[in-house]
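Structure, as structure tokens:
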Amino acid sequence: MGSMCVVIAEDNFVLRRVVVDYLAMFGINCIETESEEETWLVLNGMPVNVLVLDLVLSSDNLMFSIIHRMQRHPSLKEIPIIVTSAYSGDSLMAVDREGCSAVYSFLQKPYDLSQLRYAIVRVAGRSRATVSPCVGMADSSQLAQKRL
């Protein structure tokens, strides 16, 4: 699989590292974020092919706000979103049907890592972002300077 940039937005450090290490075995490059702010900065600061979004990041608030922001942004609305959550898909639909309709794939935790890899491979062709490798943790200060 060619180089691509997948953002793993997950506040659980251990799960995030397991996901990133697993995907790296298949040549999938990832950048890690752990908050809505970091995720938004990365999405606006570099070409991203797929967003894997934990629906609850560092708070009890569901992250539909970032999905809605992406849908209003011309260059971000084409990025495929894979949502992961301990909540069921039905309960999320009851909370925000519009936000759920913008999501390409949903994985309920705990999920099998091969399911995530399969979902990423399936959606990778949908992304219009320029393919570019990325690896590591988001550095909010560097991304903020890049935007200035």
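The values are calculated or read from the model by the stated rules, or taken from the named source; none is laboratory data. Not measured: the values here are computed from a predicted model. Please note: Cβ atoms are built from the backbone with ideal geometry, for glycine as well, and neighbour counts cover all protein chains shown.
Structure notes:
- Matching option when the condition is surrounded by fewer than 21 Cβ atoms within 10 Å (Cβ to Cβ) and at pLDDT below 80, among S88, S35, S75: S88
- H68, sole failed condition from (1) at pLDDT 70 or above; (2) within 23 Å of L15 (Cβ to Cβ); (3) out of contact with any strand residue (DSSP E or B) (no Cβ under 9 Å at 6 or more places or on another chain): (2)
- The residue that is nearest to Q115 (Cα to Cα), counting only those in the stretch 1-36 that are outside any loop (DSSP other than H, G, I, E, B) and hydroxyl-bearing (S, T, Y), is Y22.
- L53, sole failed condition from (1) buried (at least 17 other Cβ atoms within 10 Å of the Cβ); (2) at pLDDT 90 or above; (3) farther than 17 Å from F13 by Cα: (3)
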